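Notes follow the structure.
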Amino acid sequence: QVRLVESGGGLVQPGGSLRLSCVVSGSIFSIAAMGWYRQAPGKERELVAGTTNGGSTNYGDFVKARFTISRAAKNTVYLQMNSLAPEDTAVYYCYSDMSSLRRYWGQGTQVTVSS
């Protein structure tokens, strides 16, 4: 049973920073890639950032060097978010792609950027 647990969301003022964490348990040897999507109310889910076991990374166009994805271990991924703006308000979802090509999702963590 693969399980993803996210943490680190919350309320932050514009211009502030947050770091999201995601830990995968179960079948971690099968993890091929991890990353983050987000979904704002009334909008489609969009890619924030992803990283593979080989270290390659990709980011959504809106990130503009404000966010950094990193892996502390094969089953742990972080998303450092700086210069947050109100439009970054969304539920952020962690994902894990397995070697079986199956994707697992976390339950989501709310990020709210507001003064």
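The values are calculated or read from the model by the stated rules, or taken from the named source; none is laboratory data. Model, not experiment: these values are computed from the prediction. Don't worry about glycine lacking a Cβ; one is built from the backbone with ideal geometry, like all the others, and counts go over all protein chains shown. Note: accessible area is taken over every heavy atom of the protein model, side chains too, but ligands, DNA and RNA are not part of it. Shrake-Rupley method; radii C 1.70, N 1.55, O 1.52, S 1.80 Å.
At 7 Å along the Cα-to-beta-carbon direction for both Ser25 and Ser114, put a label point, then send me their distance in nm to one decimal.
Between Ser25 and Ser114, the label points sit 3.2 nm apart.
Check Thr89: other-chain or 5+ apart residues with amide H under 5 Å from its amide H, H built from backbone geometry?
Here the answer is Val113, since their amide H atoms fall under 5 Å of that of Thr89.
With Rg and the Kirkwood Rh both taken from Cα atoms, where does Rg over Rh land for the chain?
Ratio value, two decimals: 0.96.
Just to verify a number: FRET efficiency for Gln107 and Thr57, C-beta to C-beta distance, R0 = 25 Å, to 0.05?
0.60
For the range 37-91, give the percent of accessible area contributed by carbon and sulfur heavy atoms, probe 1.4 Å, rounded to a whole number.
Here it works out to 48 percent.
Might you tell me the accessible area per residue for the range 10-98, computed with a 1.4 Å probe and given in Å²?
47 Å²
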